[in-house]
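The values are calculated or read from the model by the stated rules, or taken from the named source; none is laboratory data. Keep in mind it's a predicted model, so treat the numbers as computed, not measured. Don't worry about glycine lacking a Cβ; one is built from the backbone with ideal geometry, like all the others, and counts go over all protein chains shown. Surface areas here come from the heavy atoms of the whole protein model, side chains and all, with no ligands, DNA or RNA. Shrake-Rupley method; radii C 1.70, N 1.55, O 1.52, S 1.80 Å.
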Amino acid sequence: MTTALERPRRGKIIGGVCAALSARFGLPKFLVRLGFVIFGLVGIGEIVYIALWIMIPKAPA
């Protein structure tokens, strides 16, 4: 596990939230993205994704 939670500049699809969480917790990006899709079907995934997109800083260049 890495110590910093930062949205990467590469390896992201939309905002880099799933890539940041997968790098931080050592999980495959596919599983994190699948989790957000499942939570999106329930109705809370979009809200959590947008909130994390705002809260997690972008990695320095």
message: Once neighbouring chains are kept in place and the probe is 1.4 Å, which whole percent of the accessible area of the stretch 1-54 is contributed by carbon and sulfur?
response: 72 percent
- prompt: For the chain, what is the charge dipole size about the Cα centre, in debye to the nearest 20, if Lys and Arg each add +1 at the Cβ and Asp and Glu each add -1 at the Cβ?
  reply: 260 debye
- line: Distance in nm between Lys58 and Leu34 label points, each 7 Å along Cα→Cβ, equals 3.1 nm
- prompt: According to a simple spin-label model (label point 7 Å from Cα along Cα-to-Cβ), what is the distance in nm between Leu5 and Val42?
  reply: 1.8 nm
task: Would you calculate, for the chain, the mean residue ellipticity at 222 nm contributed by helices, counting each DSSP H stretch of 4 or more residues as -39,500 (n - 2.57) and dividing by all residues, to the nearest 500?
output: -17000 deg cm²/dmol
- prompt: For the stretch 7-61, what is the accessible area per residue in Å², given a 1.4 Å probe and the full set of protein chains?
  reply: 68 Å²
